[in-house]
């Protein structure tokens, strides 16, 4: 036995050899951990085979230290370490998320994955594996790597996550002008039956009215539209920095979310769920709704569901069998909805001028639709 590295409570990576399994019960160890000391290994599948295939497959569970999706960007300390290793090999990293450690070991034993990332407590005291991939991993790894990826992740999750200029939440309070883009908010908010000032409040939360804002994940413009979302909506990526095109895309996406939550009959409540989904993802919000319903709460009332959005940051809840999409940073989403509602309340003193939508000719229903106060 060779004691070559100690690390408490972070990441363990199993190296799988994907072809013929020879039943050698040896501990499989990476420089930052071990998951099991009775897995089968083989000398058949090596580094060259993985580089030839062009893909390294990582299996893990959902969690803040392992892997999660954050505004379309994949994060988690273990994921970031594996991503860096894949980059060093010149291959892409594919992530498969499973329910628990038993399923991870099963997938590994069946030869479906190359790496298993799993948090494990205690120090490491084991023999090193003897294959080219492990040798490459040990050569590549250095003790400062964990601190480096933690810093990278922390930087992405701080206020620096969106690069933008900060503008005032009111361009001209006395004149009743919220922003330079009020005409677009007024025109497009009618399509989703929103008060235009609510759309303005959401825009300020997203970008502080900076049409050139860009997030670390690549979301762009006033309403922080992801390029993939733009593709889905049929909006050219080249237009995402154009205010009207960006607002139009956001409204189209909001309309889709409204349909997704059509089971929430109350307009005010449905809008809360739409705002939460715009920020945190509809799948996560559905998970929280299912948890609330299971516990006897009203799944269509935001005040009942919001606590479960927060609870999706704790293992007891994101590992619950009823939860399909795992961990989320729920505190940001709950705060997002609250801040928009508060800002909208402040904007409601701004009078709405009579305007047409996409032309100078107003529709008959304009006055009625401008009264929507959700």
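If you go through region 221-252 and pick out every residue that is in a loop (DSSP other than H, G, I, E, B), surrounded by fewer than 24 Cβ atoms within 10 Å (Cβ to Cβ) and touching a residue at least 40 places away in the same chain (Cβ under 8 Å), you end up with 1. Residue 310 - would you say it is farther than 17 Å from residue 341 by Cα, without any contact (Cβ under 8 Å) to a residue 24 or more places away in the chain and in contact with a helix residue (DSSP H, G or I) (Cβ under 9 Å, 6 or more places away or on another chain)? So residue 310 does not fit the description; no. Looking across 341, 368, one residue alone is closer than 19 Å to residue 185 by Cβ, part of a helix (DSSP H, G or I) and at pLDDT below 95. It is 368.
Within region 45-85, the residues that satisfy the criterion of being under 14 Å from the mean Cα position of the chain (by Cα), in a strand (DSSP E or B) and closer than 22 Å to residue 142 by Cα are 67, 75. None of 164, 160 is more than 21 Å from residue 62 (Cα to Cα), in contact with a strand residue (DSSP E or B) (Cβ under 8 Å, 6 or more places away or on another chain) and at pLDDT below 75 except 164. Name every residue in region 253-269 that is free of Cβ contacts under 8 Å to residues at least 40 places away in the same chain, buried (at least 19 other Cβ atoms within 10 Å of the Cβ) and part of a helix (DSSP H, G or I), in order of residue number. 253, 257, 269 - these are the residues of region 253-269 that are free of Cβ contacts under 8 Å to residues at least 40 places away in the same chain, buried (at least 19 other Cβ atoms within 10 Å of the Cβ) and part of a helix (DSSP H, G or I).
Scanning region 173-195 for residues that are crowded, with 19+ Cβ neighbours inside 10 Å and closer than 19 Å to residue 277 by Cα yields 189, 192, 194, 195.
The values are calculated or read from the model by the stated rules, or taken from the named source; none is laboratory data. If you're wondering where the values come from, they're calculated on a predicted model, not measured in any experiment. Glycine also receives a Cβ, built like all others from the backbone with ideal geometry; neighbour counts cover every protein chain displayed.
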